[in-house]
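Worksheet: one structure, shown below.
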Amino acid sequence: MTENPGSGSEFSTGTETVPERLSPQIGVVHPQDGQPSSGSDDAAVSRETDAAAAFQVRTAADIAVAAPTFDDDHATPLARAAEHVVLARQGALMRPAMPRPDHTRVFVVANQKGGVGKTTSTVNVAAALAQLGQRVLVVDLDPQGNASTALGVEHRRGVPSTYDSLVEGVPLADVVSASPEAQNLWVVPATIDLAGAEIELVSVVARESRLRKAIHGHPWVGSATAAGEERFDYVFVDCPPSLGLLTLNALVAGDEMLIPIQAEYYALEGLGQLLETVEMVRAHLNQGLDVSTILVTMYDARTRLASGVAEEVREHFGERVLRTSIPRSVRVSEAPSYGQTVMTYDPGSPGALSYLEAAREIAAQGASQ
């Protein structure tokens, strides 16, 4: 027999009331306090008030700061990433200092081919050396001012810059700015005015040695005896991607040369012309210039091409090639958009750790000299 819908308990219209289905928020057990629910409004309000007082939302940053190790109860990817960054930043402050060289090492960072990581390597190696206890000066000689951007210093038109030292003869000490990236890191910024310096320097006497005169005229450049404990340990000159008068000034000013080489064959083709220019400068203008350091950048270990280029570079240059190669890294490319180097933007990233190891190798070279 078919049951009458009107008489069934499910659709009863009698006087007895059926309680409404409990909402997820006021079920039998509350998800936050774990206490049975009474169902009354007063109890629900009291329960929610007590739970709100007891339950405190923790951000990923709070978790990372509070926990010296991974907190398994809050081990979200964001929390782990934040903890990595915090621990890496703390570790940067506690890194043991490397031995300082007994004189200022002036590096020219140059490669006539663009896009090989020249400016990126300059600012990150400089920041890494500063974290290792070295006193570092970066001279931005590129009119684009990318190194100035990455190191967080002003380089708008009108700011004292390398143009003033090269063209106007202003002492370098008057155009140096402290970088917020790290302690013991200073920058001579480049402005767009530097774009016209190539033409303006043509008629200047001894135009090739203007930068050398400016750098060695700084009271913090020299030996430990002459410049004292406040001396710069390293000066890095970031060159434009061309072989004009600006790059020529840098080659005359430098004692050592750091050449970043992208792990692709196009980079090797331009290297020959660069070395010919170096030989001409060494023969006529700066006999002390030495190609002391080769850094392989944008290295992709998944490809045979990258390993083949790196092997060929090492066969040709031998011990001058750093053992550390810089991998392709999105974090390295992102950092300048925030006015930072990757050493502070993401200290725990593979790119930052690689630049730190490269800086250690360079510092070890200086200690052995």
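Sort through Gly270, Gly196, Gly228, Gly244 and tell me the only one that's at pLDDT below 95, in the same structural domain as Gln287 (by TED's automatic domain parsing) and on the phi > 0 side of the Ramachandran plot. None of the other options fit; the residue is Gly228. Val167 passes every criterion in (1) part of a helix (DSSP H, G or I); (2) under 29 Å from Val309 (Cα atoms); (3) modelled with pLDDT under 95 apart from (2). For region 253-275, taking the residues that are of a type outside the set (A, V, I, L, M, F, W, C) and part of a strand (DSSP E or B), the one that is surrounded by the fewest Cβ atoms within 10 Å (Cβ to Cβ) is identified as Glu256.
Considering the conditions (1) more than 21 Å from Arg100 (Cα to Cα); (2) surrounded by fewer than 20 Cβ atoms within 10 Å (Cβ to Cβ); (3) among the charged types (D, E, K, R); (4) in contact with a Lys or Arg (Cβ under 9 Å, 6 or more places away or on another chain), Asp346 is excluded by exactly one of them, (2). With respect to the conditions (1) surrounded by 14 or more Cβ atoms within 10 Å (Cβ to Cβ); (2) in contact with a helix residue (DSSP H, G or I) (Cβ under 8 Å, 6 or more places away or on another chain), Leu305 lacks only one, and its number is (1). Condition check: within 30 Å of Glu154 (Cα to Cα), surrounded by 22 or more Cβ atoms within 10 Å (Cβ to Cβ) and out of contact with any helix residue (DSSP H, G or I) (no Cβ under 7 Å at 6 or more places or on another chain). Does Ser354 satisfy that? So Ser354 fits the description; yes.
Table: residues versus (1) under 26 Å from Leu172 (Cβ atoms); (2) in contact with an Asp or Glu (Cβ under 7 Å, 6 or more places away or on another chain); (3) of a type in the set (Val, Ile, Thr).
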residue: Arg207; (1), (2), (3): yes, no, no
residue: Arg212; (1), (2), (3): yes, no, no
residue: Ile215; (1), (2), (3): yes, no, yes
residue: Val252; (1), (2), (3): yes, yes, yes
residue: Gln262; (1), (2), (3): no, no, no
residue: Leu271; (1), (2), (3): no, no, no
residue: Thr303; (1), (2), (3): no, no, yes
residue: Ala310; (1), (2), (3): no, no, no
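Here Val106, Val85, Val125 are screened, and the one residue that is under 16 Å from the mean Cα position of the chain (by Cα), within 29 Å of Ala364 (Cβ to Cβ) and either small (Gly, Ala, Ser) or at pLDDT 85 or above (or both) is Val125. Quick check: anything in region 116-126 out of contact with any helix residue (DSSP H, G or I) (no Cβ under 7 Å at 6 or more places or on another chain), of a type in the set (A, V, I, L, M) and buried (at least 20 other Cβ atoms within 10 Å of the Cβ)? Within region 116-126, one or more residues are out of contact with any helix residue (DSSP H, G or I) (no Cβ under 7 Å at 6 or more places or on another chain), of a type in the set (A, V, I, L, M) and buried (at least 20 other Cβ atoms within 10 Å of the Cβ).
The values are calculated or read from the model by the stated rules, or taken from the named source; none is laboratory data. Fair warning: this is a prediction, and the values are worked out from it, not measured in the lab. Methodologically, a virtual Cβ is constructed for each residue, glycine included, from the backbone with ideal geometry; neighbour enumeration extends over all protein chains shown.
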